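Inspection log for the structure reproduced underneath, given as structure tokens.
Readers should treat all values here as calculations from the given coordinates under stated rules, not as data from a laboratory. Please read these numbers as outputs of a predicted model, since none were measured by experiment. Ideal geometry is used to build each Cβ from the backbone, glycine not excepted, and the neighbour counts take in all protein chains shown.
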Amino acid sequence: MGAITGYEFIDRIDQLDTDIWLDGQQVKGPISQHTAFKGLLKTKEALYDWQMLPSNKSIMTYDSPTSKELVGLSYLQPKTKEDLRKRRKMMEQWARLTCGLLGRSPDYLNTVIMSFASSSSHLIGKENCFPEHIQALYERAREHDLSFTHTFITPQVNRSQSYFETSEEPISAKIVGKTKEGLIIKGARLLATQGGLTDEVLVFSAPKFLGDPDEAFAFSIPSDTKGLRFLCRESFVGGESAFNYPLSSRFEEMDSIVVFDRVIVPWECVFFYHNVEVAEDFFAVSSFHPYAIHQVITRQIVKAEFMLSLAEELVQTINVGEYLHIQGKLSEIIVGLETMKALLDKSEHDAALDQWGYMRPSLAPLQVASTIFPTMYPRFSEIIQLIGASGMVALPTEKDFQSAIEPDLTRYLQGATKSAEDRVKIFRLAWDLTMSSFGTRQTQYERYFFGDPIRLASHLYKSYSKDGGKDMLNRLLGS
Ligand SMILES: Cc1cc2nc3c(=O)[nH]c(=O)nc-3n(C[C@H](O)[C@H](O)[C@H](O)COP(=O)(O)OP(=O)(O)OC[C@H]3O[C@@H](n4cnc5c(N)ncnc54)[C@H](O)[C@@H]3O)c2cc1C
């Protein structure tokens, strides 16, 4: 089969019988027709179509090493720096089609699965570990272009260091039994962006502090597995009009809580279970961080470029470019953007082969980028609000422009370089990016996209060598 078209993606998702709940109701009928999901699924349809355009095939796909079919390039296991650059170019293409706003474009989790497979040897010979199942999932995903959501964290009940869940019925998903078919999982996990809207859900659970083995497991199962339920938050699609809601009508991804109601996870889907050590060290030892953050930073750079152009468009529209503080604010975005680009380049430049023969981007520059973007992004968003001022609020709708008040709007809402309608379009875009429910979620998303930025900074501190100045220090201290 190999890489799929948009039609094949939608057809497959519509055929799943996934248990999704939204606003107190179970979602019925084809999900690609549902108001809350159709914008996102249309956008993803366009991504899959893009990879199959004859002119894009050499950028977006490569020959499968097993079937020789064309498969998605985000599955490529890089062996050279050139492979890494090819991967980045591919990821940039999809990010540009979505202005970097689709955090979980399919290449994100394809990359995660690729990284797991490239590191699966770490599990060889370890208790209750099945590296061959990771490899099989990788090959199945690559050959069928499967889409994934993922859930890596536990419900936010009590985050105290000393908290240990003691309830009889699990809150956080746990192994509650084993049969000859597989593991039995009960409880919940969060937060699955696009949960219920993909072929499969990838689950990775590491016990918190006291090492409960029942919380040590990882697997991937189809979204419509019996007993699996996706509880959606409220939809942030403002409406269908692309004039009124230029972003939420296209890119609202949805987030859901994933409930496992005694779900049987077939053995062939299990990567490991009841192995606390592996659950704790797999992320650190594997190439998950370097490859996943390489994808994340590639997308965030595209998003920063989009924000810079939008900010400049606002400046031109109301002609405020002569003010030094406006220039300073735009420069802040430029500094952030160029910093991110330099860090990404450095990660590729300093890439090295890992112990399994795969070319890993250097982790430190990527860690730095993923530590600074969560603080940079809210500032970019604020800058757009500060430039737009009241224009971010004086926002008539598409229908207003088709009504009797149109002459008033045309006269009073014109911009220095734009008609009223074009000016409102730009400001609505800025509002949807930074102030609508969709926009404020984007800010929260970029803050927590790759985990808690506080703990990311702590990992950076712990893993970064501080020996670069040691000689100088010793010289001065005379030791
Ligand atoms: C929009 C959005 C989409 C997401 N999508 C996904 C997804 O698709 N899949 C997925 O798996 N996850 C997803 N996440 C979850 C994301 O990974 C988490 O938000 C992130 O890991 C932080 O965990 P938490 O939200 O449970 O925060 P908590 O861990 O509950 O933290 C709450 C506060 O307490 C502090 N805190 C808690 N524990 C500690 C500690 N040990 N040390 C220091 N400070 C601490 C934190 O710094 C923070 O200020 C998403 C999150 C958001 C906001």
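How do D467, D19, D14 line up, fewest other C-beta atoms within 10 Å first?
Ascending Cβ contact count within 10 Å gives the list D467, D14, D19.
Of the listed pairs K81/K303; K44/K86; K79/K174; K329/K418; K38/K79; K126/K180, which have alpha-carbon separations greater than 26 Å here?
K79/K174; K38/K79
So which trypsin sites (Lys or Arg not before Pro) in the stretch 410-479 are both in a DSSP loop and have at most 10 other Cβ atoms within 10 Å of their Cβ?
Within the stretch 410-479, the qualifying trypsin sites (Lys or Arg not before Pro) (loop, at most 10 other Cβ atoms within 10 Å) are K466.
Using just the alpha carbons, could you tell me how many Å³ per residue the convex hull of the chain encloses?
Measuring per residue, one finds 185 Å³ for the Cα hull of the chain.
Tell me which of F288, G2, L409 sits at the most positive position along the dipole axis of the chain, charges placed on C-beta atoms (Lys, Arg +1; Asp, Glu -1).
Highest projection toward the positive end goes to F288.
Please label the shape of the stretch 6-283 as rounded, prolate or oblate, based on the square roots a ≥ b ≥ c of the eigenvalues of the alpha-carbon gyration tensor (a/c under 1.5 means rounded; beyond that, a/b larger than b/c means prolate, else oblate).
It is oblate, given that a/c is not under 1.5 and a/b is not larger than b/c.
Just how far, in whole angstrom, is the stretch 95-155 from the stretch 356-409 if you go by their alpha carbon centroids?
For the stretch 356-409 versus the stretch 95-155, the Cα centre distance is 28 Å.
Please arrange S249, S67 by how many other C-beta atoms lie within 10 Å of their C-beta, fewest to most.
Ascending Cβ contact count within 10 Å gives the list S67, S249.
Can you give the extra length, in nm with one decimal, that the chain gains between R140 and T35 once fully stretched, where that is 0.36 nm per residue apart less the Cα-Cα distance?
On the way: separation 105, 0.36 × 105 = 37.80 nm, distance 3.09 nm.
Fully extending the segment from R140 to T35 adds 34.7 nm.
Would you work out the charge dipole size for the chain about its Cα centre, treating the Cβ of every Lys and Arg as +1 and the Cβ of every Asp and Glu as -1, and quote it to the nearest 20 debye?
840
Specify which residue in the list L366, S331, Q355 is farthest towards the positive end of the charge dipole of the chain, using unit charges on the beta carbon of Lys, Arg (+1) and Asp, Glu (-1), about the Cα centre.
S331
Per 0.36 nm of contour for each residue apart, how much would the distance between Q15 and D63 grow if the chain were fully extended, relative to their Cα-Cα spacing?
Separation in residues times 0.36 nm, less the Cα-Cα distance, equals 14.5 nm.
Treat the count of other C-beta atoms within 10 Å as a stand-in for reagent exposure and order I134, I13 from fewest to most. Can you show the working numbers first?
Details: I134 26, I13 22.
The order, fewest Cβ neighbours first, is I13, I134.
Averaging sequence separations of C-alpha pairs under 8 Å and six or more residues apart, then dividing by the length of the chain, give the relative contact order as a whole percent. Before the final figure, lay out the partial values.
Details: 815 pairs, mean separation 76.6, N = 479.
With pairs under 8 Å counted, the relative contact order is 16 percent.
Counting Lys and Arg as +1 and Asp and Glu as -1, each charge on the Cβ, what is the dipole of the stretch 287-468 about the Cα centre in debye, to the nearest 20? Spell out each step's value before the answer.
Values: 18 positive and 21 negative charges, 92 e Å.
Computed about the Cα centre, the dipole is about 440 debye.
Quick one: putting +1 on the C-beta of Lys and Arg, -1 on the C-beta of Asp and Glu, what dipole do you get for the stretch 190-242 around its Cα centre, in Debye to the nearest 20?
Around 100 debye, computed over the stretch 190-242.
Answer with one residue from A279, P266, A173: the one whose Cα lies farthest towards the positive end of the charge dipole of the stretch 6-283, charges on Cβ with Lys, Arg +1 and Asp, Glu -1.
Value computed over the given set: A279.
So what is the calculated 222 nm ellipticity per residue for the chain, using -39500 (n - 2.57) for each DSSP H run with n of 4 or more, over all residues, to the nearest 500 deg cm²/dmol? Show your work: numbers first, answer last.
Numbers: 17 runs with 227 residues, N = 479.
For the chain, the value works out to -15000 deg cm²/dmol.
Between T166 and E277, what is the label-point separation in nm under the 7 Å Cα-to-beta-carbon projection?
Inter-label distance under the simple model: 3.0 nm.
Specify whether the C-alpha gyration tensor of the stretch 285-430 places it in the rounded, prolate or oblate class, a ≥ b ≥ c being the square roots of the eigenvalues: rounded for a/c under 1.5, otherwise prolate if a/b is larger than b/c and oblate if not.
Prolate is the answer for the stretch 285-430, as a/c is 1.5 or above and a/b outweighs b/c.
From the Cα gyration tensor of the stretch 285-341, with a ≥ b ≥ c the square roots of its eigenvalues, which class applies: rounded if a/c is under 1.5, or else prolate if a/b is larger than b/c, or else oblate?
prolate
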